[in-house]
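Shown next, in structure tokens, is the structure this report addresses.
Values in this text are rule-based calculations from the coordinates and carry no lab data. Here the structure is a predicted model, which means the values were calculated and not measured. All Cβ positions, even for glycine, are placed from backbone atoms using ideal geometry, and neighbour counts span all protein chains on display.
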Amino acid sequence: MIEEAFLWLGHTAAGVALQESRVAFAATEAVHILGLSLVGGVILIADLAVLGIVLKSTPSQSVFEQTRWPYRLALCVVAASGVLLVAAGPYKYYTNPLFPIKLGLLVVAATLHAALSRRVRSSLSADSISRRLAGASLIAWTAVVIAGRWLGLI
């Protein structure tokens, strides 16, 4: 069932177009990397603000409010471009043992950021739980990037 879904994705118009065009594939990969850069930048700013490393005079609550929409937009760009990249080589991703690990790490990282965001936006100051969530978020997002990078090498 899952294998059929991957193969179906490769047979869609977008999948076929990306398989047949190096330019389209490279452009999609570039969009994916730009989206990841924005997600990473928002995560760094927000998590490091909670940890008291940057933006010390700005309340963490304000940082999360101001970065909420750029984060959401960038995450949508990353998800859409990621699906397109999988469509360009579905069997490669289906058979790669790192792919489900990367997706699992992505779920963990996004969940940690969401939990941290809710916690920070509901209080006036970052407490020890918020700081632990911020540290875990940084580690999880770093693991997502490393796993994603390794996907291309295996």
Discussion item. Going by Cα centres, the range 90-154 and the range 1-42 are how many Å apart?
Written reply: 20
Practice prompt. Could you point to the label whose value was computed as semi-axes √(5λ) of the Cα gyration tensor in Å for the structure here, given (1) 21, 18, 17; (2) 31, 16, 14; (3) 34, 15, 12?
Written response: (3)
Fill in: Cα-projected label distance for residue 56 with residue 139, points at 7 Å along beta-carbon direction, nm
2.6
Practice prompt. Using θ = phi - 60° and the Karplus relation 6.51 cos²θ - 1.76 cosθ + 1.60, list the HN-Hα couplings for the range 22-27 in order, rounded to whole Hz, with x at every Gly or Pro.
Written response: 5, 5, 5, 5, 4, 5
Worksheet item: Which residue, chosen from 46, 123, 88, occupies the Cα position most advanced towards the positive end of the dipole of the chain, where the dipole is computed from +1 (Lys, Arg) and -1 (Asp, Glu) charges on Cβ about the Cα centre?
Response: 123
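Could you work out the helix-only [θ] at 222 nm for the chain, with each DSSP H run of four or more residues adding -39,500 (n - 2.57) and the total divided by the number of residues, to the nearest 500 deg cm²/dmol?
Working: 7 runs with 129 residues, N = 154.
That comes out to -28500 deg cm²/dmol.
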Worksheet item: Fewest first, what order do 133, 9 take by the number of other Cβ atoms within 10 Å?
Response: 9, 133
Worksheet item: Ranking 146, 43 by Cβ neighbours within 10 Å, fewest first, what do you get?
Response: 146, 43
Item to complete: At q = 0.11, 0.14, 0.18, 0.20 Å⁻¹, work out log10 I(q)/I(0) for the range 72-154 with the Debye formula, treating every Cα as an identical point scatterer and leaving solvent out; two decimals please.
Response: -0.37, -0.55, -0.80, -0.92
Response to the item:
FRET efficiency for residue 48 and residue 83 from the Cβ-Cβ distance with R0 = 35 Å, rounded to 0.05, comes out at 0.70
Worksheet item: What residues from the range 41-76 fall in the zone where the backbone N is under 17 Å from a label point 7 Å along the Cα-to-C-beta line of residue 34?
Response: 41-42, 70-76
